Every structure is written in C-alpha cells, then in structure tokens.
Amino acid sequence: MGIEQASRAPGTAEVVIDVPPVNALDVASWFALAETVTAAGRHPDVRVVVLRAEGRGFCAGVDIKEIQARGDEALVGVNRGCAAAFAAVYDCEVPVVAAVHGFCLGGGIGLVGNADLVVASEDATFGLPEVDRGALGAATHLSRLVPQHKMREMVYTAAPITAPELARYGSLAAVVPGAELVDSAYALAGKLAEKSPTILRRAKESLNGIDPVDVKRSYRFEQGFTYELHVGGVADEQRQAFVDKRQADTSR
C-alpha cells in the first residue's frame, strides 16, 4: 500500500494510489506520488502513464488530521507536496491518463485537472470542498475541467458534480461501468502507446507550451490564501470541525 508503480502493458506505466481508508494523502505520500510519476515518465520504454487508485475513491485530497496534529510544518509540507505532485503530472514527459472512480476531491482535482486524458466510472464524483475546510487551491485545475462560472459555483458551494455531468463539458474521454474502468483506461493508453515515443513526448511538451495559464504559478498563488486563512485562525476551526465530525463555526 502507498504509492505503487507497475506495468501490465507494453509502453505503459501504471501509478496506483493506495492509501486507506480514503486515499487522503499525507505530506510524504504527495512527494512520493510526485517522484513516482516523474520517474515513470522518464523511463525510455514508457510512452504513457495510467494514474489510478485502489479503494473507495480516487483521492480525498490532503490528510487534514495530519495538519491538525503537526500544525505549520504539515501545512507547509502538504502545500509543497501537492504542488510537486500536480506539477509531476503536468510535466510528465509522456501523456498521463487518469482513471477515476468514486470520489475525486481537493487534491484529486489537482491531479486529474493536470492529466492529459481522463476516464471515469459511472459512480465518480468531482469536487472542491476547500471552502468548507478552511483552504483554497486547485481552482486552477478545476477550471481546466469545467467552464468558469461552473468552477466558481463549485468552489463557493463546495458541491461536487457527477461524472456524467462532467462529461457534458467534454472533459472526460469516457464514462464507463466501474468494472470496466481500468480496462477502458488501458485501451485508451494503448492507442497512445502505438505512437512514436519521440513525437509523443514532443507533442506533450508542445501542448504544455501553448497553455494560456501557467498552472504551477497559478496554483501557488491560490495556496498563499490558504496560509493566510491559517495564520488568521479561521482555517483551524474549519479543519477541526471536519476532524470532530461537527458543524463548523462560520461566523468569521
């Protein structure tokens, strides 16, 4: 368990998130994910990376309990770890196909929004609960999946959307039954693995080069407001309410 790498098809590397119970990643896991994705993309025999998860959902974001237990050190660490993991997916030398099942929340949106292609199971949901957790971030990546005003609605309300709804925005390559998710992701990856590895890598580099938004810089800008909320004491109440499983005080 943890962050695992495997290979089950020629030209394809598989990176698996497996951190029970809900794939909420601590600081070390975010950095491990970044290192694993980067290493997979650098391997000369790899032409595409499949990013998927085991368990109840794709990713529940950061481990809030770790932040509450370790304070500033963990908050700074997880900010840097998330930035590293999201950047690793974006900068991966080959295309990344994300296979999403169950919930994809917070940091999960950062991973999926920076992926090149996304396949989802019919039960998948996508959301940014950050406003309810005293944080900000990954709106940068959500805006790559949904239109601007939908992104703002999802950030302000913290309400998730379903895979079929996300598919209507053209952001998913396929929505399939859960039992077919991995095979579907590999079928899509297989089409890419048939291409020239040199051309495929240059295509990835060229597409990143014409992006209208610098996703790494944009995300780090968002993170500054997370720390501002933390220093102001507002974020701690939101996080602790989540840990305590109670309604947060929203008077501030």
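Restricting to segment 239-252, what's the tally of residues that are surrounded by 12 or more Cβ atoms within 10 Å (Cβ to Cβ) and either polar (S, T, N, Q) or on the phi > 0 side of the Ramachandran plot (or both)? Residues flagged as surrounded by 12 or more Cβ atoms within 10 Å (Cβ to Cβ) and either polar (S, T, N, Q) or on the phi > 0 side of the Ramachandran plot (or both) within segment 239-252 amount to 1.
Restricted to segment 77-105, and to residues there that are surrounded by fewer than 24 Cβ atoms within 10 Å (Cβ to Cβ) and small (G, A, S), the residue that is farthest from Q247 (Cα to Cα) is A87.
Would you confirm whether or not segment 2-22 contains a residue that is under 25 Å from S121 (Cβ atoms), crowded, with 21+ Cβ neighbours inside 10 Å, basic (K, R) and out of contact with any His (no Cβ under 6 Å at 6 or more places or on another chain)? Within segment 2-22, not a single residue is under 25 Å from S121 (Cβ atoms), crowded, with 21+ Cβ neighbours inside 10 Å, basic (K, R) and out of contact with any His (no Cβ under 6 Å at 6 or more places or on another chain).
In the set (1) buried (at least 21 other Cβ atoms within 10 Å of the Cβ); (2) touching a strand residue (DSSP E or B) at 6+ places or on another chain (Cβ under 9 Å), I67 fails one condition alone, (2). Among the residues of segment 65-99, those identified as among the aliphatic types (A, V, I, L, M) and farther than 26 Å from R202 by Cα are I67, A69, A74, L75, V76, V78. Where strands (runs of 3 or more DSSP E) fall wholly inside segment 37-124, the ranges with 3 or more residues that are of a type in the set (V, I, T) and out of contact with any Pro (no Cβ under 7 Å at 6 or more places or on another chain) are 96-100. Based on what the data block shows, is D72 touching a strand residue (DSSP E or B) at 6+ places or on another chain (Cβ under 8 Å), more than 30 Å from K191 (Cβ to Cβ) and among the acidic types (D, E)? Taking the combined requirement at face value, the residue does not satisfy it.
Sub-8 Å Cβ pairs linking a first residue in segment 236-250 that is of a type in the set (F, W, Y) to a second residue that is assigned to a helix (DSSP H, G or I), at least 6 apart or interchain, are F242/I64; F242/D132; F242/R133, ordered by first then second residue.
Counting only helices (runs of 4 or more DSSP H) wholly contained in segment 175-245, the ones carrying 2 or more residues that are touching a strand residue (DSSP E or B) at 6+ places or on another chain (Cβ under 8 Å) occupy 181-193. For segment 193-238, taking the residues that are among the basic types (K, R) and surrounded by 11 or more Cβ atoms within 10 Å (Cβ to Cβ), the one that is farthest from A87 (Cα to Cα) is identified as K195.
Among residues of segment 54-72 that are without any contact (Cβ under 8 Å) to a residue 40 or more places away in the chain, those with a beta-carbon under 6 Å from a residue that is among the charged types (D, E, K, R) and crowded, with 16+ Cβ neighbours inside 10 Å at least six positions away or on a different chain give the pairs D63/D26. Kindly provide the set of residues from segment 152-173 that are crowded, with 18+ Cβ neighbours inside 10 Å, touching a Ser or Thr at 6+ places or on another chain (Cβ under 8 Å) and not in a loop (DSSP other than H, G, I, E, B), ordered by number. Passing the criteria: I161, A163.
Starting from segment 1-25, take each residue that is under 13 Å from G61 (Cβ atoms) and list its partners that are at pLDDT below 95, counting only C-beta distances under 7 angstrom and pairs at least six apart or across chains. Hits for this filter: V19/M1; A24/D63; L25/D63. Listed by first and then second residue, the pairs linking a residue in segment 113-131 that is within 29 Å of E228 (Cα to Cα) to a residue that is of a type in the set (K, R), with Cβ atoms under 8 Å apart and 6 or more places separating them unless they lie on different chains, are G113/R144; N114/R144. In the set (1) farther than 30 Å from P10 by Cα; (2) over 22 Å from the mean Cα position of the chain (by Cα), the condition left unmet by Y219 is number (2).
The values are calculated or read from the model by the stated rules, or taken from the named source; none is laboratory data. Because the structure is predicted, anything quoted here is derived from the model rather than measured. Every residue, glycine as well, gets a Cβ built from its backbone with ideal geometry; the counts of neighbours run over all protein chains shown.
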